[in-house]
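These notes are about the structure you will find just below.
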Amino acid sequence: MSPVVQVRSLVRRFTRKGVLDGIDLDIAAGEFVALLGRSGSGKSTLLRALAGLDHEAEGTGTILVPERLSVVFQDARLLPWKRVLDNVLLGLTGADRQARGLKALDEVGLAGRENSWPYELSGGEQQRVALARSLVRGPALLLADEPFGALDALTRIRMHALLRRLSEVYSPAVLLVTHDVDEAIELADRVVVLDDGKIVADIRVALPSDGIARRERTAALQHELLGLLGVAVDAATSPYARSERIPA
């Protein structure tokens, strides 16, 4: 089966500054890929290229993505003058659009909030609306640019569980840009690491279901990923004992 995302020899630069330097990447249907890298490594540039939003950049290469794709950003980007359901239905067509929008809100845990205004929602709830707006279109590809970065730790954990569950229900391919190593390990099937515009690692997560084996695999992955990102880890302590975010 052909991948739903296929990137070959992708180069992107702004004026004379190079950002992406010959990227090759495949993502299969239904696969969840997390994209890690230090600030300036090219993560968001790659996501914007896949979304067709890199109009200010110059470059070459081939990008093949499905027509049905959605993007979720770090801020929810809700229209403050539209109620929640209207935000979800923005640009959506079809006689069943309202029923689809209500179903999407129910799936993100916001049933009954369709007539609320965005300002009446918490940050986590606003991101749930943004997620509903993206998924109601039935995308074959969901691009997420640090969608949980501005949320508190507890809300972020809840959003992780929600995104994973909805990904299993809707089965889009997902590319998640994140600074959070634990987030990448918890959510993704594969973790791709960018450094200086190049892919330096492509690691399959494959967490066991067994509790002890899962913790050991998680610790090993965290140690490996932090090393690739230039973060020193004390081998005498368990890297799983704390949450690690890549320093900016």
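The values are calculated or read from the model by the stated rules, or taken from the named source; none is laboratory data. Please read these numbers as outputs of a predicted model, since none were measured by experiment. For neighbour counting, all protein chains shown are included, and Cβ atoms are generated from backbone atoms with ideal geometry for every residue, glycine included. Ligands, DNA and RNA are stripped out before the accessible areas are found, and what is left, the full protein with its side chains, is counted by its heavy atoms. Shrake-Rupley method; radii C 1.70, N 1.55, O 1.52, S 1.80 Å.
Results, tabulated for the structure shown:
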| read-out | value |
| --- | --- |
| Lone unmet requirement of (1) surrounded by 18 or more Cβ atoms within 10 Å (Cβ to Cβ); (2) of a type outside the set (S, T, N, Q); (3) at pLDDT 90 or above; (4) in contact with a Leu (Cβ under 8 Å, 6 or more places away or on another chain) for Asp182 | (4) |
| Whichever residue in the stretch 185-219 is free of Cβ contacts under 8 Å to residues at least 12 places away in the same chain and open to solvent by less than 50 Å² (accessible area, probe 1.4 Å) and, among such residues, is farthest from Asp24 (Cα to Cα) | Gly211 |
| Residue selected from the stretch 68-84 under the condition free of Cβ contacts under 8 Å to residues at least 60 places away in the same chain and surrounded by fewer than 20 Cβ atoms within 10 Å (Cβ to Cβ), by the criterion nearest to Ser2 (Cα to Cα) | Arg77 |
| Counted residues, the stretch 95-127 - those being in a loop (DSSP other than H, G, I, E, B), free of Cβ contacts under 8 Å to residues at least 40 places away in the same chain, open to solvent by 40 Å² or more (accessible area, probe 1.4 Å) and not aromatic (Phe, Trp, Tyr) | 8 |
| Unmet requirement for Lys43, which otherwise passes all of (1) more than 16 Å from the chain's Cα centre (by Cα); (2) modelled with pLDDT of 90 or more; (3) open to solvent by less than 30 Å² (accessible area, probe 1.4 Å) | (1) |
| Index of the failed condition, Gly149 passing every other in (1) in a loop (DSSP other than H, G, I, E, B); (2) free of Cβ contacts under 8 Å to residues at least 60 places away in the same chain; (3) open to solvent by less than 60 Å² (accessible area, probe 1.4 Å) | (2) |
| Of all residues in the stretch 3-40 being among the β-branched types (Val, Ile, Thr) and modelled with pLDDT under 90, the one that is most open to solvent (accessible area, probe 1.4 Å) | Thr15 |
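For (1) at pLDDT 95 or above; (2) of a type in the set (Ser, Thr, Tyr); (3) farther than 14 Å from Asp75 by Cα, each residue gets a yes or a no:
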position: Glu120; (1), (2), (3): yes, no, yes
position: Arg137; (1), (2), (3): no, no, yes
position: Phe148; (1), (2), (3): no, no, no
position: Ile157; (1), (2), (3): no, no, yes
position: Val169; (1), (2), (3): no, no, yes
position: Val193; (1), (2), (3): yes, no, yes
position: Gly197; (1), (2), (3): no, no, yes
